[in-house]
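K.L.:
Sharing a structure, written as structure tokens. Questions coming.
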Amino acid sequence: MSPILATYCVLLWISCAESQTLSLAPSNNAVNLGERATFSCNVGAKDGDWVRLLKQIPGNAPQLIIYHHHSFTSPKYGPGISTDRYTATINSAATEYQFIIKKAETADTAHYYCVKWFGSISALVFSQSSKLIVTVDKFPEPALLVFPPYTEDNESKDSSTLTCHISKLAVSLVNVKWLIDGTTVQDGVSTSNPVRESDNTFSMSSYLTLASKDVNKDRMYSCIIQQEGSSAFISKGVKLSQC
């Protein structure tokens, strides 16, 4: 193949690939507990491949919720998914798929994607994410524990790390902040992805690492969390001089 023809083929493939896009709306969606939540996936053109809705909890593999196609008499569902909670519709042109959660639960708070196989480029194409937040008056109280640095870390010449362990979370989308004497700090903060526990709550940990010379036993080190879907903040602090 000549260089000119090869270049033309590459450009043609890129042009085709760029045309195979999905859009999922809304990008951010907030509904009250028990309300209907709807995702609209625009696939561009009617063809022979299914359209899927995936749910993702941060740090976890995407979960297949529901999929549909204009040739189906009704939508199909992923493993373990309740047909009573989800449904889907398609417009007459088979270009717009609506995926519906009939009565939203707090566990539905997550990121969602629509996905479709495009034979022209032999690839699965993902939409941008859509974040669903199910709002409630008040979540059950989570548990927060703030731990001072381990003795070995505290005696280190380099750094010391405080740990905030968070459990009994109702949702997987959580904002975590660290404060020193009431002032937010960002440097040295790292937070793990949530882990689903056997009781369907979530747990996670956040860490604040400071240079040992900056650690002051008389200062208050606090961890503050907010679960998506509620305006309530939960905090827990520790003063190293009292440990």
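The values are calculated or read from the model by the stated rules, or taken from the named source; none is laboratory data. This structure is a prediction, so every number in the text was calculated from the model and none was measured. Quick reminder, even Gly has a Cβ in these numbers, built from the backbone with ideal geometry, and neighbours come from all protein chains shown. The accessibility values were calculated without ligands, DNA or RNA, using every heavy atom of the protein model including side chains. Shrake-Rupley method; radii C 1.70, N 1.55, O 1.52, S 1.80 Å.
K.L.:
In the stretch 106-140, how many are acidic (D, E) and modelled with pLDDT under 95?
P.N.:
Result for the stretch 106-140: 1.
K.L.:
Which ranges mark the strands (runs of 3 or more DSSP E) fully within the stretch 169-243 that have 3 or more residues being more than 15 Å from the chain's Cα centre (by Cα) and free of Cβ contacts under 8 Å to residues at least 40 places away in the same chain?
P.N.:
Output list reads 183-185.
K.L.:
Which of the residues belonging to the stretch 141-154 are assigned to a loop (DSSP other than H, G, I, E, B) and either open to solvent by less than 20 Å² (accessible area, probe 1.4 Å) or at pLDDT below 90 (or both)?
P.N.:
P142, P149, Y150
K.L.:
Tell me the residue from A45, A37, A6, A88 that is surrounded by 14 or more Cβ atoms within 10 Å (Cβ to Cβ) and either at pLDDT below 95 or more than 21 Å from the chain's Cα centre (by Cα) (or both), please.
P.N.:
A88
K.L.:
Identify, please: which residue in the stretch 48-58 is more than 17 Å from Q128 (Cα to Cα) and surrounded by fewer than 16 Cβ atoms within 10 Å (Cβ to Cβ) and is, among those, modelled with the lowest pLDDT?
P.N.:
Looking at the filtered set, the residue picked out is G48.
K.L.:
Still on this structure, please answer the following. Scan F118, F126 and give me the residue that is buried (at least 19 other Cβ atoms within 10 Å of the Cβ) and aromatic (F, W, Y).
P.N.:
Step by step, each of F118, F126 is checked, and only F118 is buried (at least 19 other Cβ atoms within 10 Å of the Cβ) and aromatic (F, W, Y).
K.L.:
Another question, if that's okay. Which condition breaks for A94 when tested against (1) assigned to a strand (DSSP E or B); (2) open to solvent by less than 40 Å² (accessible area, probe 1.4 Å); (3) not aromatic (F, W, Y)?
P.N.:
(1)
K.L.:
Please work out if T201 is among the β-branched types (V, I, T), on the phi < 0 side of the Ramachandran plot and surrounded by fewer than 15 Cβ atoms within 10 Å (Cβ to Cβ).
P.N.:
no
K.L.:
How many residues are farther than 17 Å from S167 by Cβ and out of contact with any Phe, Trp or Tyr (no Cβ under 7 Å at 6 or more places or on another chain) if we restrict to the stretch 185-220?
P.N.:
Residues in the stretch 185-220 being farther than 17 Å from S167 by Cβ and out of contact with any Phe, Trp or Tyr (no Cβ under 7 Å at 6 or more places or on another chain): 15 in total.
K.L.:
Okay, next question. Just need a number here: residues in the stretch 59-68 that are of a type in the set (S, T, N, Q) and at pLDDT below 95.
P.N.:
Number of matching residues: 1.
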